[in-house]
Amino acid sequence: MEVDLYERIWMWAASALILMFLGAIILTTGAEAIEPPSHVETIDPATIPTHPEFGTPTVTRRPDGSIVVPVVTTMFAFSPTPIEVPANIPVTFRITSADVIHGFQIAGTNANAMAIPGYVSQFTITFPKIGDYQIVCNEYCGLLHHMMSGKLIVK
């Protein structure tokens with residue numbers, strides 16, 4: 001059986017691409033380059049109930065006027081809820097999980113982070129519009145995942 005020249009070229013090109021993709025996966029796995037996003041700090045998930053920041057998460061104002069919101073995700077809730085923040089002021093969300101991987105997405109904005117047990121994810125956003133926003137979990141976390149939501153009130 002004879003294979004046409006152009007078919008051989010495409011077969012070699014496809015094989016080379018597959019080898020490149022597998023090589024990239026093996027290289028990043030071997031170099032341990034795959035880590036959770038925004039790996040800023042770690043926390044022991046077992047100590048969350050007694051942790052000074054995450055034990056009773058409350059919205060606080062920094063001396064510079066910005067807002068800090070610590071958030072704990074658990075099956076199947078966000079704490080605190082509802083979260084009330086002022087408009088046009090930078091709000092820093094610090095998020096962790098007490099049990100499994102959860103998502104933290106504020107619908108209608110570009111605010112999106114993963115809550116991973118043992119890690120604290122952090123991002124800052126300013127809300128220009130007053131209103132109510134829904135917070136949803138966008139990482140499957142169990143049977144009642146579809147019921148996991150919270151509320152953000154921008155005043």
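The values are calculated or read from the model by the stated rules, or taken from the named source; none is laboratory data. Model, not experiment: these values are computed from the prediction. No Cβ is skipped: glycine too gets one built from the backbone with ideal geometry, and neighbour counts run over all protein chains shown. Accessible surface areas use protein heavy atoms only, side chains included; no ligands, DNA or RNA. Shrake-Rupley method; radii C 1.70, N 1.55, O 1.52, S 1.80 Å.
Worth pointing out:
- Solvent-accessible heavy-atom area per residue, rounded to whole Å², over the chain at 1.4 Å: 62 Å²
- Computed from Cα positions, the angle between helix 5-30 and the longest principal axis of the chain comes to roughly 40 degrees.
- From helices alone, the chain scores -6000 deg cm²/dmol at 222 nm; the rule is -39500 (n - 2.57) for each run of n ≥ 4 DSSP H residues, then divide by the residue total.
- Taking every C-alpha pair closer than 8 Å and separated by at least 6 residues, the mean separation divided by the residue count of region 25-124 gives a relative contact order of 29 percent.
- Efficiency of FRET between THR92 and LEU144 - r from beta-carbon atoms, R0 22 angstrom, step 0.05: 0.15
- Note on region 85-127: the alpha carbon radius of gyration divided by the globular reference 2.2 N^0.38 Å gives 1.21.
- Distance histogram for the chain (every C-alpha pair counted, 10 angstrom bins, percent rounded to whole numbers): 10, 32, 25, 12, 10, 7, 3, 1
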